[in-house]
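Contents: one structure, followed by commentary.
The values are calculated or read from the model by the stated rules, or taken from the named source; none is laboratory data. Owing to the predicted nature of the structure, the values given are computational and were not obtained by experimental measurement. Virtual Cβ from ideal backbone geometry, glycine too; neighbours counted across all protein chains shown.
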Amino acid sequence: MSRIGQEDSPTSADGGYLELGNGVEFNQVPIDDDTPLSQWMLAAYTSKIAKLRKMLRLREIIDVNIRDEFGRTALHWACASGNADVVQFLLENGSRVNRKDRVRWTPLVLACLHGHDRVVRVLLTKGADPTIADLQKVTPLHWACSQGWDLAAQALITRGAAIDAEDHQLATPLHFAASMGSMICAQLLMDHGAQRDKTDIEGQTPLHHAVGYTRPL
């Protein structure tokens, strides 16, 4: 995994694009209680394949695509934590690869946000759609580039991600990369034909955002 000029957890820039709302946080974790639903989600998040297998065998969980209060499935949580073996196990047992949570994040989005490029490749191989956008029209490529995850971005591009997809503010992945100082991702996008002079809703090009970026100390 490769990342440029970022902290260990995904962050947003003041005045930038990464404002989620809807009660969603980058580093959300499953609710921890004694219910089978909670234990199922936690097992996926903490990479406990044996527990997942046991819960299915004992029919404590009947539907692998059951959702929690965030609208997420076990596959969402496995992708957030980044264990490709758990992801593979859930897919082999019927998890829907393009299931959306309440803000229309697919498992692929969570893998891209956290830079789990191996998981990204597994999902794409199993039919994950890199063009699905969330409620703010942000695509997985936007998210990967905003955090500097160039290997994930490359995998998305190879599988047909839209280079110049626009979010609700008309910002492209190149805007996201520039606004967060993700220069390797910015170069990757331009190498694949991204429009450098495309303006967002405020008339700003990616260059404007690159100039205004301040690298964290």
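Yes/no matrix, rows are residues, columns are (1) exposed (fewer than 13 other Cβ atoms within 10 Å of the Cβ); (2) touching a Gly at 6+ places or on another chain (Cβ under 8 Å); (3) modelled with pLDDT under 95; (4) closer than 30 Å to GLN169 by Cα:
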site: LEU18; (1), (2), (3), (4): no, no, yes, yes
site: GLY21; (1), (2), (3), (4): yes, no, yes, yes
site: ASN27; (1), (2), (3), (4): yes, no, yes, yes
site: ASP34; (1), (2), (3), (4): yes, no, yes, no
site: LYS51; (1), (2), (3), (4): no, no, no, no
site: VAL64; (1), (2), (3), (4): no, yes, no, no
site: HIS76; (1), (2), (3), (4): no, no, no, yes
site: GLN88; (1), (2), (3), (4): no, no, no, no
site: LEU91; (1), (2), (3), (4): no, no, no, no
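In the set ALA210, ALA171, which member is outside any loop (DSSP other than H, G, I, E, B) and either outside the structural domain of LEU75 (by TED's automatic domain parsing) or within 14 Å of the chain's Cα centre (by Cα) (or both)?
Working: ALA171 fails: outside any loop (DSSP other than H, G, I, E, B).
Testing whether each residue is outside any loop (DSSP other than H, G, I, E, B) and either outside the structural domain of LEU75 (by TED's automatic domain parsing) or within 14 Å of the chain's Cα centre (by Cα) (or both) leaves just ALA210.
Here's the yes/no breakdown for (1) within 21 Å of VAL211 (Cα to Cα); (2) at pLDDT 95 or above; (3) among the β-branched types (Val, Ile, Thr):
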| position | (1), (2), (3) |
| --- | --- |
| VAL138 | no, yes, yes |
| HIS142 | yes, yes, no |
| SER146 | yes, no, no |
| ALA152 | no, yes, no |
| ARG159 | no, yes, no |
| LEU170 | yes, yes, no |
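Restricted to the stretch 104-168, the set of helices (runs of 4 or more DSSP H) holding at least 1 residues that are over 23 Å from MET183 (Cα atoms) and either charged (D, E, K, R) or out of contact with any helix residue (DSSP H, G or I) (no Cβ under 7 Å at 6 or more places or on another chain) (or both) comprises 117-125.
In the stretch 61-76, is there at least one residue being of a type in the set (A, V, I, L, M, F, W, C), touching a Ser or Thr at 6+ places or on another chain (Cβ under 9 Å) and within 26 Å of SER146 (Cα to Cα)? Yes.
The set of residues from the stretch 95-126 being on the phi < 0 side of the Ramachandran plot and of a type in the set (Lys, Arg) comprises ARG96, ARG99, LYS100, ARG102, ARG118, ARG121, LYS126.
Given the residues ALA111, ALA144, which is the only one that is assigned by TED's automatic domain parsing to the domain that holds HIS168 and either within 10 Å of the chain's Cα centre (by Cα) or over 24 Å from ILE201 (Cα atoms) (or both)?
Details: ALA111 fails: assigned by TED's automatic domain parsing to the domain that holds HIS168.
Within the list ALA111, ALA144, the selection yields ALA144.
Looking only at residues of the stretch 42-69 that are of a type outside the set (A, V, I, L, M, F, W, C) and touching a Pro at 6+ places or on another chain (Cβ under 6 Å), we find that the one that is farthest from ALA111 (Cα to Cα) is GLU60.
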